[in-house]
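Worksheet: one structure, shown below.
Values in this text are rule-based calculations from the coordinates and carry no lab data. As the structure is a prediction and not an experimental result, all values here were calculated from the model. Using ideal geometry, Cβ is built from the backbone for each residue, glycine included, and neighbour counts are taken over all protein chains shown.
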Amino acid sequence: MELISKYQAAKFQGEVLNMKQENNKVKDELKAGHSRVRELKFEVEKTLARLDEELGISVASKSIEPKRSTSKARIPLRSFLFGVKLRRQKPSIFSCASPALQKQHSDLAAAALPPEQPM
């Protein structure tokens with residue numbers, strides 16, 4: 001008994017070949033990105049050395065710690081990158097009660113609001 005047909009084997013082999021080609025493309029892009037990062041790092045080091053000579057300060061030797069913001073309105077990195085999941089509204093206490101009680105509750109809520117007065 002044959003586990004998979006020749007057609008399925010050929011199809012699977014084609015998919016594997018496509019995946020290999022895609023991996024090679026990604027590998028090439030990563031290599032290009034890595035070389036670009038190395039170039040940028042070299043440029044930054046060169047610029048820092050030039051600034052050190054011009055200004056007479058050593059930026060690389062000082063331990064400069066980034067100042068942390070004391071404000072509480074920070075966005076978590078995960079939320080920034082992947083978006084924020086909206087939280088569902090909690091169901092009302094009256095959602096498990098009978099529809100008659102829900103109607104009474106809505107009438108009470110409407111009655112609690114003061115009528116609008118024209119100006």
Cα-based equivalent ellipsoid of segment 9-60: semi-axis lengths in Å, sorted from largest, via gyration tensor = 47, 6, 4
With a sphere of radius 12 Å drawn around the Cβ of LYS31, what net charge do the other residues whose Cβ falls strictly inside it have (Lys, Arg +1; Asp, Glu -1)?
-> +2
Lysine pairs in segment 9-60 with Cα atoms under 30 Å, if 8 or more residues apart or on separate chains | 9
